[in-house]
Amino acid sequence: MSTLHRLTAVAVLTADMALSTMTATATPAAAAVTYRVLITGDSITQGSSGDYTWRYRLWNKLAGTARGKVAFVGTRTDLFDTLGNKSGSQHYAASFSARSHSARWGDTYIDELDAIASQVSRSKATTLVAMLGSNDLAYKTSPEATVANVKTYIQRARKAKPGLDVVVGEVVNRYDPWAGTYSLNDEADAYAGRLRALASSLSTSSQRVVVASTRNGWDAKKHTWDGTHPNPTGEKLIAQRVSEGLAKIGVGKASPDITGTTAWKVAGPRPSLTPASEAAKLGWTRSSTGATGMFIEQRLINTKEAWRRLPYAVAGSGWTAQLLAAGRTYQYRLVPSKGSSTGVVGAAASVKTTGPMPGSIPTLKVAAGPESIQGGQSTGASWATSKNASGYKLATRLMSNGKLSWENLPYAIEGRSWRFEMLAVGRRYKFRILPV
């Protein structure tokens, strides 16, 4: 009996081990790369410093719909540096590994006819996504001539890689924010019709050509940061339309739809601060954000003062805050602006101003006044001169509603009296006069 029990135990153990081995073997291995996608294009595709790019949006979608099956290939990985007016930037808004492409700022079909065969060969591409044509139609060739160049472009790409599948994008319109007018509408419409006819004539069962309907839903006023180059919302729309084209040749799926309003979540850089007499000098670098300007936010520490944003974006790489109180500590933070896109606040930095400290205000008189011509009640305030003060910053706080923050007049005044308007009748207020 004991021998039988031992044999039974061994048999059960052996069966369990065999079952475990079979289960491990049955687990699917990671999918091998099937599609080597070469993306060509102009500035809309290359993108500039601080952009996510529509390539990033497409990659994220394919990571879900064709996981492990797609690799982006190309001859470069960079963005365009709009501040230095040169290519070579790697300051993407979000990090991603699939940065390879062959798009170039200002590029056209006519300029790339002699290069596409080499790009396909060097990258060993199996699929080509061509997003050129905007600069052709705007500056160089008619819709008819541009489509003729597209045909030559595809033929040369196929010669370098027989069996190459091609997705070719439509040309989207542009918007002039200063004039409030659109351009390329007629040219893009004529081009799109001819492009579809070309795709139909070139497409075969072994070498497919499809058109990505990038004009579908596109509005340059809504989808760009400068009238031409896509903002995050525009990036997603282009990526969705390209994914729909790729899905027609079996690369990923058209769904889910990723279009929709999307924020530019790029944070401002931490400013450098240099103290000055009743002033602070701010400096920053724009290269990482590609910002065309910076919104500046300021607050005086230890006064429960809320952050206040300068009402306009400052161009350049520096600004001086003036009429500050001497010997006080101020905080500053930056919000990048790229055309019509506004980013998010960055890290704050502090600075203590220098200069002769204003003396205290020996007397402050406040008296209720007549009804305000703007509604509510008015109150007059007057005060004695503060030694060394060049101006006075005024603030009010409603006492009976639990508010902790002061409402500040957005600028310093030089006089020693002021009438506060539009105060609620019957409410208690506190007034603050800060010499600066």
Problem - Conditions (1) more than 26 Å from GLY250 (Cα to Cα); (2) assigned to a helix (DSSP H, G or I); (3) of a type in the set (S, T, N, Q); number of the one not met by SER95 - result: (2)
Problem - Count of the range 338-348 residues which are in contact with a Phe, Trp or Tyr (Cβ under 6 Å, 6 or more places away or on another chain) and either assigned to a strand (DSSP E or B) or among the β-branched types (Val, Ile, Thr) (or both) - result: 2
Completion exercise
Flagged pairs (Cβ under 7 angstrom, 6 or more apart or on separate chains; first in the range 312-341, under 23 Å from THR285 (Cβ atoms) and in the same structural domain as ALA389 (by TED's automatic domain parsing); second assigned to a loop (DSSP other than H, G, I, E, B) and not small (Gly, Ala, Ser)) are none
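Determine, yes or no, whether ILE296 is in the same structural domain as ALA315 (by TED's automatic domain parsing), among the hydrophobic types (A, V, I, L, M, F, W, C) and either in a helix (DSSP H, G or I) or surrounded by fewer than 24 Cβ atoms within 10 Å (Cβ to Cβ) (or both). Give the derivation first.
On the way: in the same structural domain as ALA315 (by TED's automatic domain parsing): yes; among the hydrophobic types (A, V, I, L, M, F, W, C): yes; either in a helix (DSSP H, G or I) or surrounded by fewer than 24 Cβ atoms within 10 Å (Cβ to Cβ) (or both): yes.
Judged against the criteria, ILE296 is a match.
Given the residues ALA291, ALA263, ALA306, ALA254, which is the only one that is among the hydrophobic types (A, V, I, L, M, F, W, C), surrounded by fewer than 19 Cβ atoms within 10 Å (Cβ to Cβ), part of a loop (DSSP other than H, G, I, E, B) and within 16 Å of the chain's Cα centre (by Cα)?
It is ALA263.
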Exercise for the section: Show the residue pairs that are 6+ apart or on different chains and have beta-carbon atoms under 7 Å apart, the first residue being within the range 405-425 and on the phi > 0 side of the Ramachandran plot, the second being crowded, with 16+ Cβ neighbours inside 10 Å. Expected result: MET422/SER372
Fill in the blank from the handout: When the range 270-288 is checked residue by residue, the ones that are out of contact with any Pro (no Cβ under 8 Å at 6 or more places or on another chain), part of a loop (DSSP other than H, G, I, E, B) and not acidic (Asp, Glu) are ARG270, PRO271, SER287
Exercise for the section: Examine the range 327-344 for a residue that is under 30 Å from LEU83 (Cβ atoms), surrounded by fewer than 19 Cβ atoms within 10 Å (Cβ to Cβ) and of a type in the set (A, V, I, L, M, F, W, C), and state whether such a residue exists. Expected result: yes
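Among the candidates GLY359, GLY369, single out the residue that is of a type outside the set (S, T, N, Q), in a strand (DSSP E or B), in contact with a strand residue (DSSP E or B) (Cβ under 8 Å, 6 or more places away or on another chain) and not assigned by TED's automatic domain parsing to the domain that holds THR285.
GLY369
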Practice task
Kindly check whether there is at least one residue in the range 68-79 that is modelled with pLDDT of 95 or more, among the basic types (Lys, Arg), under 27 Å from LYS124 (Cβ atoms) and part of a helix (DSSP H, G or I).
Solution key: no
Handout entry: Residues that are buried (at least 24 other Cβ atoms within 10 Å of the Cβ) and over 21 Å from THR108 (Cβ atoms), drawn from the range 38-61
Key = SER49, GLY50, ARG57, LEU58
Practice task
For the range 100-179, please list each of the strands (runs of 3 or more DSSP E) lying entirely inside it that holds at least 1 residues being under 24 Å from SER206 (Cβ atoms), modelled with pLDDT of 95 or more and not acidic (Asp, Glu).
Solution key: 127-131, 165-169
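The values are calculated or read from the model by the stated rules, or taken from the named source; none is laboratory data. Given the structure is predicted, the values throughout are model-derived calculations rather than measurements. Cβ sites come from the backbone with ideal geometry, for glycine too, and all protein chains shown count toward neighbours.
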